Amino acid sequence: MLIKTDTTLQQEAKELFTEQMTIFQYYDSYRKQYDEIALDCYKKLVGYKEESEADRLARERGEVTRANLHIPRTYQIIDTIRSRIVLTFFGHYPYVEFVPQPTHLDRFSLQLAEDKARVASALVNEQLKKNNIATRFYDFVTSLLTFPAGYLGVGWRYEQAYVKKKVPAPEIVQTAFGPYYTGKTVYQVVENLETIWDDNEIVNIDYFDFWPDPKATDLDDCRGVFQREFVTFDELMQMLEFYRYLNEGNIYIQDPEELWEIQGTSLERGRDWRLSETGISSGVDVFINATDMRLKRNAEFELLHYWENDRHTITVNRQKVIYDGPSPYWRHRKLPFIAATYERLPNQFFGMSAVQIISDLQEEENTIHNQRTDNVNFILNKMWKVRRGADIDESELVSRPFGVIHVDHPDDVNEIPVADVAASSFHQQNIISTIMENTLATPPVIQGAESGSRKTATETLKMTGNAGMRFDVKIVLFRELGLNRLCMLMDMNNQQFIDDRRLVRLNLVDTVKWRSIDPGDLIGEYDYRPASPLLDPAVNKEVRREQLSHMLQVLIQMGVPFVDYHRLLEEWLRSFDIDNTEKFLIPREQWMQMQMYQQMLAQQAAEQNQPSEVEQSENAMIGRAQGRRPQQERPISERASGVVR
């Protein structure tokens, strides 16, 4: 770290702050064009409908208002797509596997590379489970289906904390002759400083907390991005201590008291704006203006992180730059984020969300349903035409069971007829819902609902197949933009930050299969892919199971020797939704020993010109089968010699 005077640091910090705010305003002006779209789609997802001024005034006067319901068709479709995507990628463990990239290696080096790939993938799978990847990915998919883009952050987290545990200790009592060991063991509570996290960390980033480069088409094309987060005073001090330890950049805060000078500004989180637009407020943070230092330390600071491939700058509360230096992730040299959108648009960073695609249709369905509800209300609560000057009690005009209206003349009261449009509106609403489902390839059979029209099994299979084909294209894109980049970032972080030995579980069920590895066992270049086939669980599960069963049957009958039957059986069991297949299969090493033993017996039998045990069992079965066949009766005129009398 360069040694600079306070005056030089202060001047440099001011220049950096001006630079950062200029870039941020440029990025923010670009993203604001999509904020209204994101807010409208969020309202469609959660079912929020604004009340008109006329309805509000009528409700305050106690009058009957018009129907203002939201039909959750958007949620129904989004939930179907989200479930299919999450189950496709993270429905079975292990989630991913690594394949060594092709290089000029000999046989021994290739086996070593495959072993390293197995260790590296096992570590990443454990870290994915530790990060609750199903929950993280669920929120990530929800974001990209709702907003113009969804984001994940992938970084390295190192955290220590004092942990209390019970430890065994010998029981010693004091006697007149001094300490005496009773031979028993007691448990004492001991508090020690322990490392509670030293792994990859995956975080969800709100759409409103991320600003991409306006000229970029994807993350790799970004000249820089902004990411916002909120931290407490203690968390901020730990972050600065970490950067001092790295000794690679410039820290522009020399005294922690400087932070209190810029603390106190109430800045909103990304979600606060959209929640306030739907009538939900988080209120004023009581910790900001607290006088008690114990409470004030829990007040939050807004951090604007500016990331480039080889640069990282932090601005606090949009008032002062506190750090500027190289990116800590020098192994992959990429932005530590994942960005994806549901419907990609050519040469654009932001695409179209699934909610945006059917937004207008959702509005039309709501309108038709509310009009039908109002129509039914008008029919049930009739309006009347009363002759001027007629002596009519208006309270008698209110609909009620067995009601009577007293009139002097038959023409004093006449009903105003209202046409019943319920039948036609139901038909129109069904057409709109069908268009929405076809637009996003979610027919009723995929949603687990009954179709309005009867279809044959062939028609249903064809429909699900076509929907699955469109879904498979999305899966390929999500794999390239999401899963592969996630594995790459986590693998590169492991190679960079792990500097001591640790245990990795190579077996899923048997906890004895642990392996101690050192940092050198992780170094390598790999291709990343899902551990299980990327199949739509709603469409291809039964088909996949049938295909695997037929494949096993054919391979066993043909006796194909160069097939890994153990792995094929694992895949067959997974098609029955069995995650822990190791419970039902013998270990691979034992299976290979059995195969070698059978081959040895077959070789010995061939050398002795004797049938093997397998051949003997087959011959015995054939003999028993032939013995049970009925004997053919010979004609009476025949004898054993074949002479006919």
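The values are calculated or read from the model by the stated rules, or taken from the named source; none is laboratory data. Keep in mind that this is a model prediction, so the values were computed, not measured. Don't worry about glycine lacking a Cβ; one is built from the backbone with ideal geometry, like all the others, and counts go over all protein chains shown. SASA here: full protein model, heavy atoms, side chains in, ligands and nucleic acids out. Shrake-Rupley method; radii C 1.70, N 1.55, O 1.52, S 1.80 Å.
Structure values in brief
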read-out: Prolate/oblate/rounded call for region 78-203, Cα gyration tensor, a/c under 1.5 rounded; value: oblate
read-out: Hz values of 3J(HN,Hα) by residue in region 362-372 - Karplus curve (6.51, -1.76, 1.60), Gly and Pro given as x; value: 5, 4, 5, 5, 4, 5, 5, 5, 5, 5, 5
read-out: Note, ³J(HN,Hα) from phi for region 281-289, Karplus 6.51, -1.76, 1.60, rounded to Hz, x at Gly and Pro; value: 10, 7, x, 8, 5, 6, 6, 5, 9
read-out: Placed amide H near W384: partners under 5 Å, 5+ positions off or other chain; value: I416
read-out: Test item: Cα-centred dipole of region 279-322, Lys/Arg +1 and Asp/Glu -1 on Cβ, debye; value: 180 debye
read-out: For region 83-90, Karplus couplings with θ = phi - 60° (6.51, -1.76, 1.60), whole Hz, Gly/Pro x; value: 5, 5, 5, 5, 5, 5, 8, 10
read-out: Distribution of pairwise C-alpha distances over region 113-167, 5 Å bins, in %; value: 4, 13, 15, 16, 16, 15, 11, 7, 3, 1, 0
read-out: Dipole in debye (nearest 20) - region 256-305, about Cα centre, beta carbon charges: Lys, Arg +1; Asp, Glu -1; value: 240 debye
read-out: Under 9 Å, Cβ to Cβ, from D391 - net charge with Lys/Arg +1 and Asp/Glu -1; value: -3
read-out: Distance violations [Cα-Cα > 28 Å] among K32/K320; K44/K296; K474/K513; K32/K296; K129/K164; value: K44/K296; K474/K513; K32/K296
read-out: Within straight-line cross-link reach of K382, aspartates and glutamates at Cα separation under 14 Å, skipping those fewer than 8 residues along the same chain; value: D374, E394, E396, E415, D420
read-out: C-alpha center-to-center spacing [region 548-564, region 59-74] in angstrom; value: 63 Å
read-out: For Y151, distant residues with modelled amide H under 5 Å away; value: I205
read-out: Accessible solvent surface per residue of region 125-199, calculated while the other protein chains remain in place, 1.4 angstrom probe, Å²; value: 60 Å²
read-out: Accessible surface of region 125-224 [probe 1.4 Å, protein heavy atoms]: carbon and sulfur percent; value: 51 percent
read-out: For H312, distant residues with modelled amide H under 5 Å away; value: G325, S327
read-out: Highest average packing first - 228-239, 61-72, Cβ atoms within 10 Å; value: 228-239, 61-72
read-out: Charge dipole magnitude, Cβ of K and R +1, D and E -1 - region 335-404, Cα centre, debye nearest 20; value: 160 debye
read-out: Inter-label distance, nm, simple model (7 Å from Cα along the C-beta direction), L240/Q76; value: 5.6 nm
read-out: Chymotrypsin sites (Phe, Trp or Tyr not before Pro) within region 343-435: DSSP coil, no more than 14 neighbouring Cβ in 10 Å; value: F402
read-out: √(5λ) per eigenvalue of the Cα gyration tensor, region 336-445, largest first, Å; value: 52, 14, 11
